[in-house]
């Protein structure tokens, strides 16, 4: 499934050290994975949960 998706990195991701998360929009979900382990597991969020996660991260 994850190979079919359009994964994207945040503009805030560090280019040095390769520590990045990637996000993809799927049908009715938002997926989050470690860019260093593209075939590994991913977290699945509902759109509402993703918006809450992003809002919390921005306020930190």
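The values are calculated or read from the model by the stated rules, or taken from the named source; none is laboratory data. The structure presented is a predicted model; accordingly, all values stated were derived computationally and were not measured. Note that we place each Cβ from the backbone using ideal geometry, even for glycine, and neighbour counts take in every protein chain shown.
So here's what we get for this one:
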item: Selection count where residues are at pLDDT 90 or above and under 13 Å from residue 5 (Cα atoms), scope region 29-48; result: 7
item: Top-ranked residue of region 15-24 - restricted to ones that are outside any loop (DSSP other than H, G, I, E, B) and out of contact with any helix residue (DSSP H, G or I) (no Cβ under 9 Å at 6 or more places or on another chain), ranked as nearest to residue 5 (Cα to Cα); result: 22
